[in-house]
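*Asks:* This is the structure, below, for whatever I ask next.
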Amino acid sequence: MNDAPAKSISKAAARAAAKPARQMARSAKAVERSTDQLTEKADRRTVLAGDRTLLAAERTYAAWVRTGLAALASGVGARALFTAVLSSMLAKLTATILIVFACLCFVIAVWRQIHDGVPGPETDLRAVPHGVLVIMNMLLLLVATATLVGVWAHWR
């Protein structure tokens, strides 16, 4: 007959002992969710860093091409402008240096874009295909070469 109070005390003790265990399990689940969220955020930041790296490389490529186009235009302008002021040979030499520099810029632009060194992290973006870059820069080199021929073929 005295077993009823013992059973009730035993159940109460078991519930009291289980309470910290339940709290510990809830706390462990919360820590696990938080860790998963941090991992997802870190992975996302890595992907975004890769996107920024890819875009920076493409901006650098564009800067090289822009510099080459400016040098090409400056070479044509130097030939036209300096012919009236300087000797024809000096005007041609100045134009040649600028046009050769433009060709060098076009080659460096494609070289840097294709041989980017260490591969970056995974990205969400797709890079411009290397074949397109090579074809575009070959076209620019062809234009620069034709310009150089035009500078030297046009005698004044």
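*Asks:* What is the gain in length, in nm to one decimal, between residue 85 and residue 24 on full extension, counting 0.36 nm per residue of separation less the C-alpha to C-alpha distance?
*Replies:* 13.1 nm
*Asks:* If I stretch the segment between residue 70 and residue 125 completely, what's the gain in nm (0.36 nm per residue apart, minus their alpha carbon distance), one decimal?
*Replies:* 16.9 nm
*Asks:* Going by Cα centres, the stretch 41-86 and the stretch 129-152 are how many Å apart?
*Replies:* What the calculation gives is 15 Å, centre to centre.
*Asks:* Determine the sum of side-chain charges near residue 109: Lys and Arg each +1, Asp and Glu each -1, restricted to other residues whose C-beta is under 15 angstrom from that of residue 109.
*Replies:* Taking every Cβ under 15 Å from that of residue 109, the sum is +1.
*Asks:* May I ask for the net charge around residue 125, where only other residues with Cβ less than 11 Å from the Cβ of residue 125 are counted and Lys, Arg are +1 while Asp, Glu are -1?
*Replies:* -2
Values in this text are rule-based calculations from the coordinates and carry no lab data. Nothing here was measured: the structure is a model prediction, and the numbers come from that model. A quick note on method: Cβ atoms are made from the backbone with ideal geometry, for glycine too, and the neighbour counts reach across all protein chains shown.
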